[in-house]
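The values are calculated or read from the model by the stated rules, or taken from the named source; none is laboratory data. Everything numeric here is computed off the predicted structure, so don't read it as measured data. Cβ: placed from backbone, ideal geometry, glycine included. Neighbour counts: every protein chain shown.
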């Protein structure tokens with residue numbers, strides 16, 4: 001078993017045990033979870049990982065393990081639905097034409113994209129139900145909108161700052177960084193529009209929209225973390 005597989009199996013077991021320990025007269029409904037939607041270059045992964053550490057440190061129920069699902073979400077989808085590794089590249093936020101999708105499905109390259117999105121949505125719902133997860137991207141906020149316990153966050157940043165972040169992280173030129181940002185943002189926007197008929201930039205889809213370059217990093221983490229903890233532990 002790989003280190004990643006062991007980590008996420010431990011997460012699942014801790015959450016299952018937590019559900020068993022929950023008392024019948026517990027007034028809280030649902031377990032806490034966070035969804036993170038982000039503009040490309042707005043520190044989505046960094047904020048998610050730092051938030052995970054903050055929540056784990058300040059969570060009252062110390063036996064519950066907070067876990068981030070970003071790239072790991074793809075592995076979880078494949079595992080839950082018994083999909084072969086050859087399908088993993090298609091479990092992304094890319095959208096394709098119906099003709100291309102039909103041809104690839106006919107050739108046996110993968111199930112239809114509609115079917116893959118449905119499987120993705122199902123796994124996201126299962127993880128949110130278990131709780132103590134930070135779900136990054138893939139319209140997680142829309143999929144879980146009717147579930148109690150969730151806090152939905154959108155991370156944004158001025159384009160020039162995002163270009164700087166991408167240049168530094170990927171060692172790209174300014175031109176390549178801009179092209180990368182525009183392509184990634186368009187891909188995520190199209191995914192939400194095509195499969196959920198929503199505008200990813202609509203602020204009403206989120207509990208909070210944060211400009212990550214207007215606040216210190218730890219201030220951002222504390223604001224989100226305290227919102228999550230206070231909402232869940234509220235009397």
- Query: Which condition number does residue 200 fail, the rest of (1) in a loop (DSSP other than H, G, I, E, B); (2) surrounded by 14 or more Cβ atoms within 10 Å (Cβ to Cβ); (3) on the phi < 0 side of the Ramachandran plot; (4) at pLDDT below 95 being met?
  - Reply: (4)
- If you take the residues in segment 203-219 that are touching a strand residue (DSSP E or B) at 6+ places or on another chain (Cβ under 6 Å) and either in contact (Cβ under 8 Å) with a residue 60 or more places away in the chain or exposed (fewer than 13 other Cβ atoms within 10 Å of the Cβ) (or both), which one is nearest to residue 32 (Cα to Cα)? 206
- With the first residue restricted to segment 33-53 and required to be without any contact (Cβ under 8 Å) to a residue 60 or more places away in the chain, and the second required to be surrounded by fewer than 24 Cβ atoms within 10 Å (Cβ to Cβ), Cβ contacts under 7 Å at 6 or more apart or on different chains are 49/68
- Item | Residue among 62, 40 that alone is under 19 Å from residue 134 (Cα atoms), in contact with a helix residue (DSSP H, G or I) (Cβ under 9 Å, 6 or more places away or on another chain), part of a loop (DSSP other than H, G, I, E, B) and at pLDDT below 70 | 62
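Is it the case that residue 117 is surrounded by 18 or more Cβ atoms within 10 Å (Cβ to Cβ), at pLDDT 75 or above and assigned to a helix (DSSP H, G or I)? Before the answer, list the steps.
Values: surrounded by 18 or more Cβ atoms within 10 Å (Cβ to Cβ): yes; at pLDDT 75 or above: yes; assigned to a helix (DSSP H, G or I): yes.
Judged against the criteria, residue 117 is a match.
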